[in-house]
Amino acid sequence: MDKVESNLGFRFMAFSYKFRDLRLPRMNILKEVGVKPGFHVLDYGCGPGSYIIPLAELVGESGKVYALDIHPLAIRKVQDIASKKQLSNVETILSDCQTGLPDNSLDVVLLYDIFHHLSDPDGVLKELHRVLKPAGILSFGDHHMEESEIVSKVTNSGLFKLSRKGEITYTFLKK
């Protein structure tokens, strides 16, 4: 099980992300991923929900956004965002690994800046592989890791293959 950050630590992180998002809007990253209307997307380790509004816009009413995090404050923050913005296509999941989603149900999983924190990264990759559709995309980014470490840790499981390295993210496809 992963360690839950303190409430104070979470609030500080959420505050600092506001400045990060001004420098590099989340929509710029999502454009690199290729999220389309109707997609079902999981933001694994959603934190304070920086990707939720742009994701909800991209997938549209026919799509679905799942926001998963281990921290109850993260889930509450995303629920508040969804409520205030009337985003009926957003659902939250409080979990440290299991999504509770059906097999082969997601088009894209975002796994950003959380992998280095995971106590069971292989377990998480297995769960993400299970819920991704056969042509599903794992969009990965973790500025705490070197490129060679990212590629080896994700591909050594035999579940994913590197499709391309973008300017900001790595795109892995389900094997």
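Quick notes on this structure:
- Test: residue in the stretch 34-53 that is over 20 Å from Ala82 (Cβ atoms), open to solvent by less than 20 Å² (accessible area, probe 1.4 Å), touching a Ser or Thr at 6+ places or on another chain (Cβ under 8 Å) and modelled with pLDDT of 90 or more: no
- Scanning the stretch 154-175 for residues that are over 14 Å from Ala135 (Cα atoms) and of a type in the set (Val, Ile, Thr) yields Val154, Thr155, Ile168, Thr169.
- Criterion applied to Ser163, Ser148, Ser152 was being touching a Leu at 6+ places or on another chain (Cβ under 6 Å) and farther than 19 Å from Ser95 by Cβ, and the one residue passing it is Ser163.
Every residue, every condition in (1) more than 16 Å from the chain's Cα centre (by Cα); (2) at pLDDT 95 or above, yes or no:
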{"position": "Lys84", "(1), (2)": "yes, yes"}
{"position": "Leu87", "(1), (2)": "yes, yes"}
{"position": "Asp96", "(1), (2)": "no, no"}
{"position": "Leu110", "(1), (2)": "no, yes"}
{"position": "Val131", "(1), (2)": "no, yes"}
{"position": "Gly141", "(1), (2)": "no, no"}
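- Failed condition for Gly158, given (1) of a type in the set (Gly, Ala, Ser); (2) within 18 Å of Glu32 (Cα to Cα); (3) over 16 Å from the mean Cα position of the chain (by Cα): (2)
- The set of residues in the stretch 57-93 being closer than 15 Å to Val108 by Cβ, open to solvent by less than 10 Å² (accessible area, probe 1.4 Å) and touching a helix residue (DSSP H, G or I) at 6+ places or on another chain (Cβ under 9 Å) consists of Gly63, Val65, Ala67, Leu68.
- Scan of the stretch 128-155 for residues that are in a helix (DSSP H, G or I), open to solvent by less than 50 Å² (accessible area, probe 1.4 Å) and within 23 Å of Lys36 (Cα to Cα), ordered by number: Leu128, His129, Val131
- Criterion (modelled with pLDDT under 75 and surrounded by 18 or more Cβ atoms within 10 Å (Cβ to Cβ)) met by exactly one of Arg11, Arg20, Arg26: Arg26
The values are calculated or read from the model by the stated rules, or taken from the named source; none is laboratory data. Keep in mind the model is a prediction, meaning the values are calculated, not measured. All Cβ positions, glycine included, derive from the backbone under ideal geometry; neighbour counts span all protein chains shown. Quick note on the areas: whole protein, heavy atoms, side chains included, nothing else; ligands and nucleic acids left out. Shrake-Rupley method; radii C 1.70, N 1.55, O 1.52, S 1.80 Å.
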